[in-house]
Structures are given as structure tokens and as C-alpha cells.
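Right, one structure below, let's go through it.
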Amino acid sequence: MRTLPFVVGALACATVARAQGNLSVQGFGFPQGQLSTRALGTAGALGEIDPASPRNPAAISLFGGTTLVFQIEPEYRRVTTGSKTDLTTTNRYPLILAAIPIRSRGMFSVSASTLLDRTWETTVADTETIAGEPQAGTTTQQVLGSISDLRFAGAYAPATWLSVGMGLHFMSGSNDITVERRFEDSTRFGAFADTTILGFSGAAMSFGAQFIAGKVATLGVSYRIGGSLKESHGDTTIGKATVPDRFGVSLAYVGIQGTTIAAHTAYDKWSSLQPLGNDTVTARNAWDSSVGADIAGPRFSNHVLMLRTGFRWRTLPYDAIGQQVRESSASFGVGTPFANGRVQFDLAAVRAWRSADINISEHAWTFSIGLTAHP
């Protein structure tokens, strides 16, 4: 029973590149990075020291008070194969977070973020021989799905220069895989479709620390330890794996007033998902590195406009026709408070270039809009 769903999934993944699909949603899905809009504006360089990014649980101590965060991220992709081009749009809601203080030195937060997004659709025109006669038609392959990360995190600051934190993660999600066949001669041959729904559930723990060296530097370090991840088809368990371990570190220089210059690197052990795959659906370990800056810009009335930029280099955790996919991106962002400082508005734009050692390339614009409220 385990092989049938993944034959369908593998077929979809293997065909998507030939059919003008996407390089970014092969394998088990696209890792958005679990970054807030502010951190995304710096290309992820602030990832381990940004309280709104659900990576380092120790960083939530920087909220200081009750906080609500909401984020939306549409992405516009352009896939090129030779002289052919395909345009697609994906709307995502990758992050929602709430945090409350616990006495004077503690902070607690609940967040829901996207670990992997696997939503795409592609249509192939082909010919099938039936009773010795070639019959033209189309095959549409569609996957609607994602794996979400529900995190409960707590942080404690025993000193002004140190905070530590721990998080409990509950992973859940599903993949709805549909293959539909239609013939041009609809009077003789009817359309048919096959749908497989796969469910995922798992758990993990994360630990983090944040060190503040006065007004000079900030260091954030986090580590996620993966627990079991179960794949199911209906009420039947069809596969077991482990939530990927993850290590990340961000180092920031804050010696210039109003400016943060940071570097970040992270390692994800995506190969832990391989027991759920096969020879076609692979999972590779991946590095994710970036540099970026958050700079105080011009003032409007009593509000400071923060200007952000950064560059990011990473490998994605899957293959496209046997070749690993690489991504480079440049980020730009702005942010400003309003409502007497009780609401922060952030906007980021990311230009990404994705490629593999095949005759396919992908360019994408991602726009992230984030609102942070302090009720």
C-alpha cells in the first residue's frame, strides 16, 4: 500500500520539469525558511536573533511584551525550458505568532509556520495508443499540500546579556495528489482522475541561546532535534521517518546606532525524510547562508523608516531530474512603526534565481507583508 501513493508522487515530480512546472516544489516541498518579513528583508541574516522568526526560541525574549505577528507571502515564478516559458503564482500565509510575558524575565509564544510547501499544478499534452489508434489528450498533475510547524516556545533571561529558550514542535500536514486524464475525442473517451491523500504528523524539540555583548554584537544559536514523523493514507500508517534536525547561527554587529549588520548560516538534515521517498523522490541535506543589514533610514514625522537588504545562497533539499537545485537571492525591505509605536509594518521583496545542471531555470519574485502588533 505504501508504494502506490509514491508512484503517483514520483511520477508528478519527475514530469513537472518537462511540463513547465517548477524547480522550487520538487520532492517533499519548498522550504520557505520560517522567517519573519523583517528577517526576510535581510535575506535571513537575522534569522536566529529575530524574535518573530520561529527558529531560535531564546530570541522571543526580545519581544518584551505581548505581541501578535501575521504574515502573507505571494510568490510569482517564471520557469524557462529552452524557448518555452511558464508563469505561475502561489499565495502563502507562512507565519502567525502570539507571545506574552511571564513575570519579569520570561516569555512564552505560540506560532504556526510553514516547514515545507508543496503546491503546484502542471498539464502535459500527449498521445496514448488505445486499441491500436493514437488518441491525443492531456494529463494534468496537481499537488495541494504542505507541512506546518506548530511551536510552543518559552524563553528566560537570567542576565541582561543572556537568554535561553526551548520549543516543542508539532508537525502536521497533507498532500493531495491528483492525476487527471482527458482526451480530445470526448465523445468516445471520457475523462478520469485518480486522487491520493497523504497525511503527515510528527514532533521535534528545539533549544536556543542568545548572547548580547553590550552595544557591540549579538549572537544567536539554535538547534532543533527531530522526533518521529509518520506518513498515513487514511487510517493506515504507510511510512515513518524523522523530522529533520537543524542547526543555525546568526552573528550581528550592532556597534552603529540604529544599524544591524549580520551573517547567518544553517544546516538542515533533510535526508531524515528519505524513508518516505524512493529512488525518484529524494531528500538531500542542505546549507543556507546569508549576509544582510537592517539600517535606520530617513525620518517621517516621529517615525524612522528602516531599510533592509541582503544576499542569500542555499541548496534546496531535493533533486530535479537527478540534479540538486541551487538558489541565490537578493532581498530588499522596509519597515516602520505607526499607531504610536504599537504596530510595526514590514515589507520585503526577494528576487530568487533557481537552477540545476539541466536545461531548466526558474526566476521568482516573493513579496512578504508582515504586521506586528503590541496590544
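Gly322 fulfils the conditions (1) surrounded by 14 or more Cβ atoms within 10 Å (Cβ to Cβ); (2) under 30 Å from Thr242 (Cα atoms) except for a single criterion, (1). Identify all residues within the stretch 287-322 that are under 30 Å from Gly277 (Cα atoms) and of a type in the set (Lys, Arg); write none if there are none. Once the filter is applied, which keeps residues that are under 30 Å from Gly277 (Cα atoms) and of a type in the set (Lys, Arg), the stretch 287-322 yields Arg312, Arg314. Among the residues of the stretch 280-299, which ones are more than 20 Å from Gly199 (Cα to Cα), surrounded by 21 or more Cβ atoms within 10 Å (Cβ to Cβ) and not charged (D, E, K, R)? Within the stretch 280-299, Ala286, Ser290, Gly292 qualify.
Scanning the stretch 40-80 for residues that are assigned to a strand (DSSP E or B) and among the hydroxyl-bearing types (Ser, Thr, Tyr) yields Thr67, Tyr76, Thr80. Every residue in the stretch 234-262 that is in a strand (DSSP E or B), under 17 Å from Gly310 (Cβ atoms) and either in contact with a Cys (Cβ under 7 Å, 6 or more places away or on another chain) or not polar (S, T, N, Q) (or both), please. Hits for the stretch 234-262 are Gly248, Val249, Leu251, Ala252, Tyr253, Ile261, Ala262. In the stretch 300-339, the residue that is modelled with the lowest pLDDT out of those that are part of a strand (DSSP E or B) and small (Gly, Ala, Ser) is Ala320. Of all the residues in the stretch 345-375, those that are more than 26 Å from Thr85 (Cβ to Cβ) and either in contact (Cβ under 8 Å) with a residue 60 or more places away in the chain or in contact with a Cys (Cβ under 9 Å, 6 or more places away or on another chain) (or both) number 9.
Residues of the stretch 255-279 that are surrounded by 18 or more Cβ atoms within 10 Å (Cβ to Cβ) and at pLDDT 95 or above: Thr260, Ile261, Ala262, His264, Thr265, Ala266, Asp268, Lys269.
Select, from Gln141, Gln135, the only residue that is in contact with a Phe, Trp or Tyr (Cβ under 9 Å, 6 or more places away or on another chain) and either surrounded by fewer than 17 Cβ atoms within 10 Å (Cβ to Cβ) or under 19 Å from Ala99 (Cα atoms) (or both). Going through Gln141, Gln135 in turn, just one is in contact with a Phe, Trp or Tyr (Cβ under 9 Å, 6 or more places away or on another chain) and either surrounded by fewer than 17 Cβ atoms within 10 Å (Cβ to Cβ) or under 19 Å from Ala99 (Cα atoms) (or both): Gln135.
Scanning the stretch 177-201 for residues that are in contact (Cβ under 8 Å) with a residue 12 or more places away in the chain and among the polar types (S, T, N, Q) yields Thr178, Thr195, Thr196, Ser201.
Restricting the stretch 146-190 to residues that are among the β-branched types (Val, Ile, Thr) and surrounded by fewer than 15 Cβ atoms within 10 Å (Cβ to Cβ), which is farthest from Asp50 (Cα to Cα)? Ranking the candidates gives Thr187 first. Restricting the stretch 191-233 to residues that are of a type outside the set (Val, Ile, Thr) and not in a strand (DSSP E or B), the residue that is surrounded by the most Cβ atoms within 10 Å (Cβ to Cβ) is Ala191. Which members of the stretch 135-178 meet the condition of being among the β-branched types (Val, Ile, Thr) and either over 20 Å from Thr90 (Cα atoms) or outside any strand (DSSP E or B) (or both)? Correct list: Thr138, Thr139, Thr160, Val164. Picking from residues in the stretch 234-252 that are of a type in the set (Gly, Ala, Ser) and within 19 Å of Ser289 (Cα to Cα), the one that is surrounded by the most Cβ atoms within 10 Å (Cβ to Cβ) is Ser250.
All of (1) under 27 Å from the mean Cα position of the chain (by Cα); (2) free of Cβ contacts under 8 Å to residues at least 60 places away in the same chain hold for Ala266 with one exception: (2). Of the numbered criteria (1) over 16 Å from Phe30 (Cα atoms); (2) free of Cβ contacts under 8 Å to residues at least 24 places away in the same chain; (3) of a type outside the set (A, V, I, L, M), the one Asp294 fails is (2). Filtering Gly9, Gly29, Gly47, Gly41 for residues that are at pLDDT below 85, at negative phi, touching a strand residue (DSSP E or B) at 6+ places or on another chain (Cβ under 7 Å) and surrounded by 24 or more Cβ atoms within 10 Å (Cβ to Cβ) leaves a single hit, Gly9.
Inclusion of Gln142 among residues that are more than 25 Å from the chain's Cα centre (by Cα) and over 30 Å from Ala59 (Cα atoms) is not warranted. Residues of the stretch 79-102 that are over 19 Å from Gly173 (Cα atoms) and either surrounded by 14 or more Cβ atoms within 10 Å (Cβ to Cβ) or at pLDDT 90 or above (or both): Val79, Thr80, Thr81, Asp86, Thr88, Ala98, Ala99, Ile100, Pro101, Ile102.
The values are calculated or read from the model by the stated rules, or taken from the named source; none is laboratory data. Keep in mind that this is a model prediction, so the values were computed, not measured. Positions of Cβ are generated from backbone atoms using ideal geometry, with glycine treated the same way; all protein chains shown enter the neighbour counts.
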